[in-house]
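As structure tokens, the structure follows; a few thoughts come after it.
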Amino acid sequence: MIEAIPQAIKPHDKYQIEFKLDYELLPGQQTHYQVFTYIFVPQSLGITPSTYAKAEFYRDIQNYIRLKTPALILREFTKERAGSPLLAIEAIVTAENWAGQPEYRERLINNFKFLSATLKSAIREHFNLIQKRIAEAPPHSKVSLLIHNLVEEFLVETKNITDKYRSFYAAFNLPNIDSQLFTAYKLTDESLSLLIEESAVEMFQIVEVYLKKGDKIDYKQKLSELVEYETRHRRTRGYRSVLREGDDNEEYIFRVSVLKKYASSVLYLSTAVQREGVELEHFLFSIAAGLSMIFATVVAFYFQSQYGQLTFPFFIALVVGYMFKDRIKELGKQVFAHYLQNTLYDRRTTIRTQDGQHKLGILREKVSFVAEKEIPASILEARNRDQFTQLDNDGQGEYIICYAKDIVLFADAFKEAYLDVPEITGINDIIRYDIRAYLRKMAEPVQPRNYLEAGQLKTVSCHKVYHLNFVSRYRSIKPNKDKLDRRLRLVLNRRGIKRVEHVPT
């Protein structure tokens, strides 16, 4: 299970790196995960506790939490397989008097979206399988034989899926059908058409390279016909997502983008973020104030009993008591604040369904600068610093940021919230981290250097880069599983992310 937590790490753009974590659900019980990410920062970048506050870190990080896309393979969409959104739609529209029952409306719209989202995932996995077979093919083997059936399956099953879905058109194109429901049906139809057309073009390129001549001609013809059919279908239905030569195709790109968001919207969850431990903080700070007041009152009572109420020593005692009262209060707040920082997390996110009706889990986050002595030995071993790293940091080590996440998921709540949709097996936690704060102190990204060659003075350009090392510890608390440490190196220059390197640990 612990191997299933980390899923993908990639640059999102020049300034953001994206971590996609996959938390698996265990049926009938709570699941509890912890992820600790240590960022090793060169001292030359000037990222310190005084220059990079918590508020700035949380400003640079963005979280998206969504359901993990249910896993189906292409042939399962139209077969008798539990969890197929296509079969769930069919079951509803063949029920007696389904159009007159309002509770079916939301279930249908959700299954429309799940159909588009799961088909996209299934096609992606289908292409991954093709690439895997190509990559693992023995030398001198006939790759065309290894992928022939997969190309055929793509053509057959995508047609089966669209034919079955479009057979429902007459059931939804009726006067008594809610207009929003019919619109949702048409948006999904357009989304499926675009997805299949785009996939057919990608498959065309694979066929061009890997199939032998006879099959190549045959499948290229079939794929071309599939693209033409889907384009013609969208024109016939009045969908405006059709590419036109000589046009800027602005509307096409806009509709493709909106439809992708529409289909994936069913996967996103509602999150409410709040600072953790606010009530406890107020309680402890009030105790600090009470202790300081007790000290000042004891001093005042003592000197009043010894010297009287209107005397100079009593006056001095009041002043001194107030001075110490103020310091005791501040010292108490500092002690309790340190306790809170070590005990509580910074932020607490409650994860709910989009309608807010079901509480699915709790995510807590904390960030802090840590000393090297506080870091587990396995993390330092995974970092595996060499002599050049020490020289780069003047022998003083690196600044280390620890970003901790603690997540608890309630499997029963997922089961209750998602009754009539494909089985939900987990959630995806997508984290985008903006690294522009690290670029401020960097030198010019390209620097000229002169050198001599055969008595001639020449100049070359040298690229100046910096390394940010991320070491992540993934841990399953419930069920209890062994820890897993992974490392990656982010290579940066002043212009942003240059590349991501996955370093074996």
Scan the range 133-151 for residues that are closer than 25 Å to SER121 by Cβ and out of contact with any helix residue (DSSP H, G or I) (no Cβ under 8 Å at 6 or more places or on another chain) and jot them down. ALA135, GLU136, ASN149
Specify the residue that is nearest to the chain's Cα centre (by Cα); the eligible residues are those in the range 172-198 that are assigned to a helix (DSSP H, G or I), farther than 20 Å from ARG232 by Cα and hydrophobic (A, V, I, L, M, F, W, C). ALA184
Would you point out which residue out of ASP394, ASP434, ASP429 is at pLDDT below 85 and in the same structural domain as ASP485 (by TED's automatic domain parsing)? ASP394
Tell me, which residue of the range 233-275 that is in contact with a Lys or Arg (Cβ under 8 Å, 6 or more places away or on another chain) and assigned to a loop (DSSP other than H, G, I, E, B) is surrounded by the most Cβ atoms within 10 Å (Cβ to Cβ)? SER241
Mind checking which pairs have a first residue in the range 451-464 that is touching a residue at least 12 places away in the same chain (Cβ under 8 Å) and surrounded by 10 or more Cβ atoms within 10 Å (Cβ to Cβ) and a second that is of a type in the set (Asp, Glu) and outside any strand (DSSP E or B), Cβ under 8 Å, 6 or more apart or different chains? LYS464/GLU444
For residues in the range 457-505 being touching a Pro at 6+ places or on another chain (Cβ under 9 Å) and β-branched (Val, Ile, Thr), which is nearest to GLU398 (Cα to Cα)? VAL465
What are the residue pairs meeting all of these: first residue in the range 205-222, first residue within 12 Å of VAL143 (Cβ to Cβ) and among the acidic types (Asp, Glu), second residue part of a helix (DSSP H, G or I) and at pLDDT 85 or above, Cβ atoms under 8 Å, and 6 or more apart or on different chains? ASP215/HIS148; ASP215/VAL207
Being loosely packed, with under 13 Cβ neighbours inside 10 Å, of a type in the set (Gly, Ala, Ser) and on the phi < 0 side of the Ramachandran plot is true for just one of ALA99, ALA170, ALA117. Which residue is that? ALA170
Mind checking which residues of the range 395-436 are of a type in the set (D, E, K, R) and either part of a strand (DSSP E or B) or in contact with a helix residue (DSSP H, G or I) (Cβ under 6 Å, 6 or more places away or on another chain) (or both)? LYS405, ASP406, ASP420, ASP429, ARG432, ASP434
Is it the case that the range 83-101 has a residue that's among the aliphatic types (A, V, I, L, M) and under 22 Å from the mean Cα position of the chain (by Cα)? no
Expected output for the range 367-386 (first residue closer than 11 Å to ILE401 by Cα, partner at pLDDT 85 or above and of a type in the set (D, E, K, R), Cβ below 7 Å, 6+ apart or cross-chain) is VAL367/LYS54; VAL367/ASP346
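Residue-wise test of (1) assigned by TED's automatic domain parsing to the domain that holds ALA437; (2) over 22 Å from TYR38 (Cα atoms); (3) touching an Asp or Glu at 6+ places or on another chain (Cβ under 8 Å).
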{"position": "GLU453", "(1), (2), (3)": "yes, yes, no"}
{"position": "PHE470", "(1), (2), (3)": "yes, no, no"}
{"position": "ILE477", "(1), (2), (3)": "yes, no, no"}
{"position": "ASP482", "(1), (2), (3)": "yes, no, no"}
{"position": "ARG486", "(1), (2), (3)": "yes, no, no"}
{"position": "VAL491", "(1), (2), (3)": "yes, no, yes"}
{"position": "ARG499", "(1), (2), (3)": "yes, no, no"}
What are the residues in the range 16-32 that are within 30 Å of ARG494 (Cβ to Cβ) and among the hydrophobic types (A, V, I, L, M, F, W, C), if any? ILE17, PHE19, LEU21
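The values are calculated or read from the model by the stated rules, or taken from the named source; none is laboratory data. What you see is a predicted model, and the numbers here were worked out from it, not measured in a lab. FYI the Cβ positions are ideal-geometry reconstructions off the backbone, even for glycines, and counts take in every protein chain you see.
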